[in-house]
Each structure stands twice: as C-alpha cells, then as structure tokens.
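Novice: What follows is a structure written as structure tokens; I'll ask about it next.
The values are calculated or read from the model by the stated rules, or taken from the named source; none is laboratory data. These numbers come from a predicted model, not from an experiment. Note: ideal-geometry Cβ built from the backbone for every residue, glycine included; neighbour counts use all protein chains shown. With ligands, DNA and RNA removed, areas are computed over all heavy atoms of the protein, side chains included. Shrake-Rupley method; radii C 1.70, N 1.55, O 1.52, S 1.80 Å.
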Amino acid sequence: MRDVPMPVGTMADDLAQQVELERGERFLGSWPAEPAEGDRTTDRAGWLVLTSRHFRFFHKAGFLGGRLEKPPRLSWNVEELRSVVAQRFWMKIGYGDRLEMPGLGIDGYGFRLNRETPSEPVVRAVREARDARRTELGYPLG
C-alpha cells in the first residue's frame, strides 16, 4: 500500500501532529469534510482522518478551525469498514440554486468534500488501507 502524498508545510502537517497514534500506526491522510444528508449539512464541518488502523471524523475546533476537536465524532477500525463509495451531494446556495459536490458514503454515513477534493482518490486510499490492515491481521480478502 502506498501513502497518500501530502504537501509539506500545510494544514495536513498540523493535523498529522494532532492525531494520537498507537504504536505502529501511521498517518495516511486527511480531507476537509462535513456530514451531509441529501442537500443539507447536518452538522459542523471537520476533517476525515485516515491512519493505518482507523478512519475518523473530527470536528474543527478553534476560531479558524485549525485544531481537531477530541474525541473524534465518528471512528471506525479501518479493517471493519464494509462500504466506502464515492457519492455526489447537492448543496443549496442562494435562493434555490444548488451545486453538486463530491462526497463519500461510509457505512451509511454521508460526507460532503470540498469542490477541490475529488472522491475517487479518497475512496482508493481508504480501500487500500483497509485491505492492507486486513492482510496484516490475516483476514480473508474478498
């Protein structure tokens, strides 16, 4: 499995420093996201964070949202994820206009990504992390 490349000296570096890792666990990536249901946001914005053992959603904390609010709002053991798919969500803008946004469906939860973040690389990274962890634990793949 390959690590998701992250630019150096960015918010991603700051987030990686904030995530508490277990012994042997590696930070693989993070993406800005907000929980979504249909065409509306259901909760505060935050970050999806992928490690070699967990996939978590943290709310943004602080005035500018540069910190992660702990504990995570949602957390999955990466090997137990059943469904990770690319989805599209509609977001209302203005008086009745709507904008289609990329997103993810994760075990029944929907997350809207920002317009600059395509869903497919995120889905691929999560699936690769899941398969690597299952192989490490001796799970049958399939």
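Novice: Collect the residues in the stretch 81-92 that are open to solvent by 100 Å² or more (accessible area, probe 1.4 Å) and not in a strand (DSSP E or B), keeping them in residue-number order.
Specialist: Arg82
Novice: Would you point out the residue of the stretch 121-131, among those that are open to solvent by 40 Å² or more (accessible area, probe 1.4 Å) and of a type outside the set (Lys, Arg), that is farthest from the chain's Cα centre (by Cα)?
Specialist: Among residues in the stretch 121-131 that are open to solvent by 40 Å² or more (accessible area, probe 1.4 Å) and of a type outside the set (Lys, Arg), the one farthest from the chain's Cα centre (by Cα) is Asp131.
Novice: Check off (1) under 22 Å from Ala16 (Cα atoms); (2) open to solvent by 30 Å² or more (accessible area, probe 1.4 Å); (3) not in a strand (DSSP E or B) for Tyr95 and give me the number that stays unchecked.
Specialist: (1)
Novice: Still on this model: Provide a single number: the residues in the stretch 107-120 that are assigned to a strand (DSSP E or B) and open to solvent by 30 Å² or more (accessible area, probe 1.4 Å). Don't jump to the end; show me each part of the working.
Specialist: Narrowing the stretch 107-120 to residues assigned to a strand (DSSP E or B): 109-113.
Filter once more, so that each one left must be open to solvent by 30 Å² or more (accessible area, probe 1.4 Å): 109.
Here the count works out to 1.
Novice: Applying the selection to the stretch 132-141, what residues are surrounded by 15 or more Cβ atoms within 10 Å (Cβ to Cβ) and of a type outside the set (D, E, K, R)?
Specialist: Restricting attention to the stretch 132-141, the residues satisfying the condition of being surrounded by 15 or more Cβ atoms within 10 Å (Cβ to Cβ) are 132-134.
Within the stretch 132-141, Ala132 is the sole residue that qualifies.
Novice: Only one of these conditions is not met by Leu104: (1) on the phi < 0 side of the Ramachandran plot; (2) open to solvent by 70 Å² or more (accessible area, probe 1.4 Å). Which number is it?
Specialist: Among (1) on the phi < 0 side of the Ramachandran plot; (2) open to solvent by 70 Å² or more (accessible area, probe 1.4 Å), Leu104 violates only (2).
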